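Inspection log for the structure reproduced underneath, given as structure tokens.
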Amino acid sequence: MKMRRLLILLLAFMMVLPAFDAEAAKKLYETSTELVPAPEAVEPIVLPLGEDGFLRAGEESPYVLQDPEGGRWAYLSEDLRIEIVRYEEKTYPLCWFETHIYTRNDRRFQSILVRPDSPGRGMTKPVDIARDNNCVLAFSDDFIGFRYVEKKERKGLIIRGGRLYSDTPYRTASKAQPNYDVLAYYPDGSMKAFLNGETTGEALLAEGVTDAWCFGPVLVSGGELSQIMVEDGYHLPQPRQALGMIEPGHYMLLTVKGRVKNSAGVPMRWLALYMKEHGVVEALNLDGGNTIALVFMGELLTEKRAGENSNTIRSMSGMIGIGEWIFASEEE
């Protein structure tokens, strides 16, 4: 009877998935040259930039662009520049968001935990987290709250806001998801990717690391694909999200929808190849699946569109945010 129930559940799950094209998936995995150019023309984002790449002197601050029909969003101030473009490839099919983030004058990412005293509790919708913390941009992180509930011993190396929450990597290298690779964020704005067990929480804190996001695997390190991306690459197309650094003060976030009618998702190596070809030198795969969320100015850009056959985006224990915006309450 148990086996029969499992078969019924498996068949029901397969019925809601988009059609899987094995040849297209193989091509997606093996090549990158046809993936990087935008498959559909997207009007370039024109911003009132000064010579320094931020808001031009004399312009009203901040400058905000919200163009969901054209797939473009932007925010520009004296110390923060965010550009988001949505791309769509209809033949595979595939939909992804490429976000570039520029900072200066000590403008930094912040790691938000709904319950800093107990990360495994207080799950909240991503839009509420972003709005409650007045974030211009917020996106899903490594979902450490889930690991605090489900993993009683091994949680990985986790630092939030200068506080060490956990330093329990796997004893040996692993291809599990997550494999507990780490992306460390330093006071000078630089980021460095580490393999599971390659460093310790104490060492990172001694170097001034304020946040260490732990999921993995590492996609790019030292400007090259990580060894696991060369050897494996995690073939199964899935919704994915990755964060990387091009240089201190210039970061790239890649958000790929999946398990929906207009986007089948991608193998993980696609993320690594894409980011490397865009100049990213350090990058980590963050939690994917139904966890991925990209919130700009209080709006969930990864919201399921009408007709998309997928589960809703899950509640979260925290997010990564940047920028400050005061949102009006619904009562006002």
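The values are calculated or read from the model by the stated rules, or taken from the named source; none is laboratory data. The structure displayed is predicted, hence computed values, not measured ones. Just the protein is used for accessible areas: all its heavy atoms, side chains included, with ligands, DNA and RNA removed. Shrake-Rupley method; radii C 1.70, N 1.55, O 1.52, S 1.80 Å.
Taking every protein chain into account, the 1.4 Å probe leaves Glu60 with about 150 Å² of accessible area, to the nearest ten. Accessible surface of Trp325, taken over heavy atoms with a 1.4 Å probe and every protein chain present, rounds to 80 Å².
For the residue pairs Lys90/Lys152; Lys175/Lys276; Lys192/Lys257; Lys175/Lys261, the alpha carbons lie more than 32 Å apart in Lys90/Lys152. Heavy-atom surface analysis with a 1.4 Å probe gives segment 98-175 a carbon and sulfur content of 44 percent of its accessible area.
Normalised per residue, the accessible area of segment 67-155 is 44 Å², obtained with a 1.4 Å probe and no contribution from ligands, DNA or RNA. Mean separation of Cα pairs under 8 Å and 6 or more residues apart, divided by the residue count, gives segment 51-93 a relative contact order of 30 percent.
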